[in-house]
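K.L.:
Next up is a structure, given as structure tokens.
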Amino acid sequence: MGRQLSFAIGIVVVAVVGIVYTFASGNEPLLGLDLQGGASVVLEPEPNPDGSPVSDDIIDQAIEVIRNRVDGLGVREPEITREGSTVLVQIPGVDDQARALELVGQTAELRFRPVIASGPGGSDFTGAAPLCLAEGEDIPAAFATATPTPDAGADECLIAEQTEEIEGIEITTAFLLGPAPLLLSGDGEERFTGVGVEDATARFGLTPGGWGVALVMRGGSPGIDDFNSLAAQCAGFSGICPTGRIAIEIDGEVESAPTVQSANFERSQISITGSFSEGEAKDLALVLRFGSLPVELTPQESRVVSSTLGEDALDAGIAAGIIGLILVSIYLMAYYRLLGIVAIASLAISGALLWTMIAWLGESQGLALTLAGVTGLIVSVGVSVDSNVVYFEHLKEDVRGGRTVRSSVERAFPIAYSTIVKADVASLIAAVVLYFLTVGQVKGFALFLGLATVLDLVATYFFMGPVIRLMARREAMTEHPRRYGIPSGEVSA
């Protein structure tokens with residue numbers, strides 16, 4: 001008797017302490033995209049220049065960069081998955097959804113280019129074009145016009161414009177930029193892109209009263225050595241850098257083009273300035289910190305889930321769960337009387353443990369509760385009720401077979417629990433298979449169903465079984481079996 005009492009008291013204490021800890025620490029379930037709102041976007045990689053599809057390795061690299069950026073936004077439990085040749089990004093709980101989606105797909109290719117010529121917006125750089133061409137090359141047709149052109153690649157010159165606001169007046173400057181310097185690596189020559197940046201931080205005051213991004217370059221090459229090589233050419237006004245200026249170009253747009261004052265810079269002396277707001281500077285620092293995407297991604301489908309729709313879905317799920325629990329409780333009490341109350345208490349113990357674990361996993365591990373997860377929890381109620389019914393019916397069958405209530409209780413539980421374990425293991429196998437072979441919200445359904453099933457086994461063994469055994473040792477259960485859902489006429493003394 002002492003062992004059974006210890007089991008029952010012990011699991012009740014654990015459940016109560018768990019609930020008290022959950023509320024005292026402020027833990028609460030982390031809601032997924034469909035319950036708290038957010039945004040999702042499908043990104044499709046642009047084909048290679050020769051028209052061939054992008055390789056799987058490149059797409060996987062892009063997913064890793066996107067994941068780092070989303071984590072940098074402070075978003076918890078994002079879903080970033082590959083669907084064929086596209087990338088699906090789902091971001092729950094973001095306030096500025098447009099900003100998040102823009103950051104996710106921004107290529108963020110950083111280049112430092114020599115400025116060959118500059119002038120007012122729309123300037124004609126035809127005469128300066130030969131300065132950026134190798135011997136024997138023809139002048140690109142784009143350089144014979146005054147129209148700015150998109151970045152055609154690091155191998156070519158680029159005509160770009162920069163618009164900045166000075167004392168309330170927008171001023172546009174056009175630049176003719178030379179090729180980005182070449183870097184030597186183990187695989188051959190690579191262009192000087194964001195791979196040379198070790199860290200990037202948004203800072204106020206890099207320009208008087210303005211925001212900018214402070215860079216920390218990597219040591220050696222790729223990194224500060226390559227920047228200093230270009231800086232030396234610009235400081236000496238060489239043919240490749242006749243203006244003495246370096247343009248900081250991001251995704252084909254010039255952010256700033258300062259005049260080079262030195263041929264040798266420290267790793268932390270380089271910054272990007274311009275007409276940045278605080279948010280723009282922080283966003284730029286974020287994408288530069290985690291590197292550029294290895295491929296250009298084009299949004300194919302964007303969807304915004306409002307928090308109102310999420311709250312409606314959550315309310316509907318909670319309402320369905322409450323209604324289901326009420327109906328189940330009425331059934332248990334009507335059919336099993338006091339045994340039904342024990343079953344309801346067992347459900348409460350299991351529910352308390354489940355709530356504690358979901359809240360803790362949400363706070364510490366970023367596990368999100370989605371509508372599919374709520375569905376899994378509701379389905380698990382049926383699994384728990386089945387466990388109770390199996391035991392109660394075994395107990396009643398033994399009593400009908402002529403055994404006493406006390407001996408029936410002792411005999412029925414091991415047999416019933418063996419059946420319960422087999423049934424719950426079947427549910428666990430289904431949950432595990434669903435979790436590992438599916439994607440998206442189906443995984444959430446499987447995870448929460450499996451977790452609730454395990455806790456049902458715990459509550460049945462440590463609470464329901466011991467409590468009914470304790471009740472059977474009292475004369476009331478033998479003298480008034482109907483109160484426990486056992487027909488009195490079938491009871492043998």
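K.L.:
Regarding Leu369, is this residue surrounded by 20 or more Cβ atoms within 10 Å (Cβ to Cβ), assigned by TED's automatic domain parsing to the domain that holds Ile468 and under 30 Å from the mean Cα position of the chain (by Cα)?
P.N.:
Numbers: surrounded by 20 or more Cβ atoms within 10 Å (Cβ to Cβ): yes; assigned by TED's automatic domain parsing to the domain that holds Ile468: yes; under 30 Å from the mean Cα position of the chain (by Cα): yes.
Against the criterion (surrounded by 20 or more Cβ atoms within 10 Å (Cβ to Cβ), assigned by TED's automatic domain parsing to the domain that holds Ile468 and under 30 Å from the mean Cα position of the chain (by Cα)), Leu369 qualifies.
K.L.:
State whether one or more residues within the range 209-228 are of a type outside the set (Val, Ile, Thr), at pLDDT 80 or above, under 24 Å from Gly178 (Cβ atoms) and surrounded by fewer than 16 Cβ atoms within 10 Å (Cβ to Cβ).
P.N.:
yes
K.L.:
Does Phe448 satisfy the condition of being assigned by TED's automatic domain parsing to the domain that holds Val381, buried (at least 19 other Cβ atoms within 10 Å of the Cβ) and over 22 Å from the mean Cα position of the chain (by Cα)?
P.N.:
In short, no.
K.L.:
Got at least one residue in the range 216-223 being assigned to a strand (DSSP E or B), within 27 Å of Arg69 (Cα to Cα) and either acidic (Asp, Glu) or touching a strand residue (DSSP E or B) at 6+ places or on another chain (Cβ under 8 Å) (or both)?
P.N.:
Yes: the range 216-223 contains one or more residues that are assigned to a strand (DSSP E or B), within 27 Å of Arg69 (Cα to Cα) and either acidic (Asp, Glu) or touching a strand residue (DSSP E or B) at 6+ places or on another chain (Cβ under 8 Å) (or both).
K.L.:
Let me confirm something: among Glu397, Glu363, which residue is assigned by TED's automatic domain parsing to the domain that holds Gly465, farther than 24 Å from Ala472 by Cβ and surrounded by fewer than 20 Cβ atoms within 10 Å (Cβ to Cβ)?
P.N.:
On the way: Glu397 fails: farther than 24 Å from Ala472 by Cβ.
Exactly one of Glu397, Glu363 is assigned by TED's automatic domain parsing to the domain that holds Gly465, farther than 24 Å from Ala472 by Cβ and surrounded by fewer than 20 Cβ atoms within 10 Å (Cβ to Cβ), namely Glu363.
K.L.:
Something else now. Against the condition assigned to a helix (DSSP H, G or I), acidic (Asp, Glu) and in contact (Cβ under 8 Å) with a residue 24 or more places away in the chain, how does Glu397 come out, does it pass? Full working, then the answer.
P.N.:
Working: assigned to a helix (DSSP H, G or I): yes; acidic (Asp, Glu): yes; in contact (Cβ under 8 Å) with a residue 24 or more places away in the chain: no.
No; evaluated as a whole, the condition is false for this residue.
K.L.:
Same structure again: Kindly indicate whether Val454 is part of a helix (DSSP H, G or I), without any contact (Cβ under 8 Å) to a residue 60 or more places away in the chain and under 30 Å from Gly26 (Cβ atoms).
P.N.:
So Val454 passes the test.
K.L.:
Name the single residue, out of those in the range 336-345 being among the small types (Gly, Ala, Ser) and crowded, with 21+ Cβ neighbours inside 10 Å, that is nearest to Ser380 (Cα to Cα).
P.N.:
Ala343
K.L.:
Which one of Val390, Val439 is assigned by TED's automatic domain parsing to the domain that holds Ala348, of a type in the set (A, V, I, L, M) and modelled with pLDDT of 85 or more?
P.N.:
The conditions single out Val390.
K.L.:
State all residues of the range 250-273 that are modelled with pLDDT of 80 or more and closer than 22 Å to Leu158 by Cβ; if no residue qualifies, say none.
P.N.:
Taking the range 250-273 and keeping what is modelled with pLDDT of 80 or more, we get 254-273.
If the condition is that a residue be modelled with pLDDT of 80 or more and closer than 22 Å to Leu158 by Cβ, then Val254, Glu255, Ser256, Ala257, Pro258, Thr259, Val260, Ile270, Ser271, Ile272, Thr273 are the ones that fit.
K.L.:
Same structure again: Quick check on the range 52-71: of everything there that is among the polar types (S, T, N, Q) and more than 10 Å from the chain's Cα centre (by Cα), which residue is nearest to Lys282 (Cα to Cα)? First the steps, then the outcome.
P.N.:
We begin by selecting, within the range 52-71, every residue among the polar types (S, T, N, Q); these are 52, 55, 61, 68.
Checking the rest, the ones that are also more than 10 Å from the chain's Cα centre (by Cα) come to 52, 55, 61.
Working: Ser52: 35, Ser55: 31, Gln61: 23 Å.
Ranking the qualifying residues of the range 52-71, first place goes to Gln61.
K.L.:
Restricting attention to helices (runs of 4 or more DSSP H) lying wholly within the range 1-82, give those where 2 or more residues are modelled with pLDDT under 80, over 30 Å from Pro414 (Cβ atoms) and in contact with a strand residue (DSSP E or B) (Cβ under 7 Å, 6 or more places away or on another chain). Before the answer, list the steps.
P.N.:
Numbers: elements: 2-25, 33-36, 56-72.
Passing ranges, in order: 33-36.
K.L.:
Inside the range 229-309, counting only strands (runs of 3 or more DSSP E) that do not spill past its ends, which hold 1 or more residues that are more than 14 Å from Arg203 (Cα to Cα)? Working first, answer last.
P.N.:
Working: elements: 246-250, 253-256, 271-276, 297-305.
Output list reads 246-250, 253-256, 297-305.
K.L.:
Ok, one more. Exactly one condition in (1) within 21 Å of Ala108 (Cβ to Cβ); (2) of a type in the set (Gly, Ala, Ser); (3) touching a Gly at 6+ places or on another chain (Cβ under 8 Å); (4) at pLDDT 85 or above is false for Ser292; which is it?
P.N.:
Evaluating Ser292 over (1) within 21 Å of Ala108 (Cβ to Cβ); (2) of a type in the set (Gly, Ala, Ser); (3) touching a Gly at 6+ places or on another chain (Cβ under 8 Å); (4) at pLDDT 85 or above leaves (4) as the failure.
K.L.:
Report whether or not Ala348 is hydrophobic (A, V, I, L, M, F, W, C), surrounded by 19 or more Cβ atoms within 10 Å (Cβ to Cβ), part of a helix (DSSP H, G or I) and in the same structural domain as Leu447 (by TED's automatic domain parsing). Give the steps one after another, and end with the answer.
P.N.:
Values: hydrophobic (A, V, I, L, M, F, W, C): yes; surrounded by 19 or more Cβ atoms within 10 Å (Cβ to Cβ): no; part of a helix (DSSP H, G or I): yes; in the same structural domain as Leu447 (by TED's automatic domain parsing): yes.
Considered against the rule, which asks whether it is hydrophobic (A, V, I, L, M, F, W, C), surrounded by 19 or more Cβ atoms within 10 Å (Cβ to Cβ), part of a helix (DSSP H, G or I) and in the same structural domain as Leu447 (by TED's automatic domain parsing), Ala348 comes out as no.
The values are calculated or read from the model by the stated rules, or taken from the named source; none is laboratory data. It should be emphasised that the depicted structure is a prediction, and the values quoted were computed from it without experimental measurement. Using ideal geometry, Cβ is built from the backbone for each residue, glycine included, and neighbour counts are taken over all protein chains shown.
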